[in-house]
Every structure is written in structure tokens, then in C-alpha cells.
Amino acid sequence: MGTMTTTPAAPAARPGAVARLRAPGARRWYFGASFGLLYQAIEVTTVWTAGSGSVGMRALATVLLFVVYALYLVLPPLLWPERTRVRIAAVVGYWALTCVLFPVIGPYTIWTWTLIVVVVGFTWIPRIGSLLMLLAVVGAQLLVGWSVDWINGLLYTPTSRSRWAW
């Protein structure tokens, strides 16, 4: 009798980025995530109605905010099939990217961090990692608020006039 050899099955190929962004789960994510962005419209409005910055700085702030919002929409579907380490690194990188808003909109940057908290929950990071990331984000928000003495209602809403000159 002959011997029969079997070859191990090839690992399943992960779908490409476009396929991930078009998947039914991603479409459901976009629908729900859009509601989270409604509140962020207040921040964009504040950029144009508060402070005394130039039109160029206000336009830069708006562009940067829209980049942060676009990443908020696409990051979870892109990360779902990735390893935990990749998901954590991507969320931390996303948080770091939002920090470019500090020179432009000042401490009101912390209002974009609520999106990071949502992304942590929807990228299926293990429980301990999620908890540590959430504590870090909330702790950083409180630290920023405390460092500017909670100027003009920073704790409650991003619509107050800022003493930051952007």
C-alpha cells in the first residue's frame, strides 16, 4: 500500500483593506459610529466661533479634526482581523496622532479622546488591555483639564471660549 501524505492547510488569507472596509460588519459600524461623530460637530463649530485665531489656523484645525474623524471611522474595521499587538499599537498610535491638535485647538483636544475610548471598545482588545487603555485616556483627560484649571467649562463641553490663542 502506498503512503498518503497530507499537506497542512494554508492559513486563511486575511481580507484586504478594501474588503474589510466594505464588509457588512463595517457598514454596521459606520452607521453606529456616525452618531458618535454628531457630538464632535460641536468641536468643529467651536473652532470657527470661539477664540481669535486666523482663518488659516481655523482651516488647519478643521482639516486635522476631519482626519481624526476619518480614522475613527475606518480604524476598527481595518483592525478586526489583526493580532492583539497590532490592534493595541494602532490605537495608541491613533491617540498619539490626536495630540497634533494641541497646538491648534489647545486643551479641547481631549474631546476627541472620547473617540479613542469608543475605538478601544470596538477593536476587541482583551479585557485587561482595554481597561488599562481606558484608564490611561481618562487619566490623561483629567490631567489636561486639571493642568489648565478646567478653563471655561472644559469638563462639560468643548464649546466654551478658550483663553488659548489659536
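Quick note: the coordinates plus some simple rules give every number you see, no bench work behind them. In this text the structure is predicted, and so the values were computed from the model without any measurement.
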## Note on the structure
Taking Cα atoms only, Rg over Rh for the range 23-153 with Rh from the Kirkwood formula is 0.98
### Summary
The answer for the per residue Cα convex hull volume of the range 58-111, in Å³, is 67 Å³
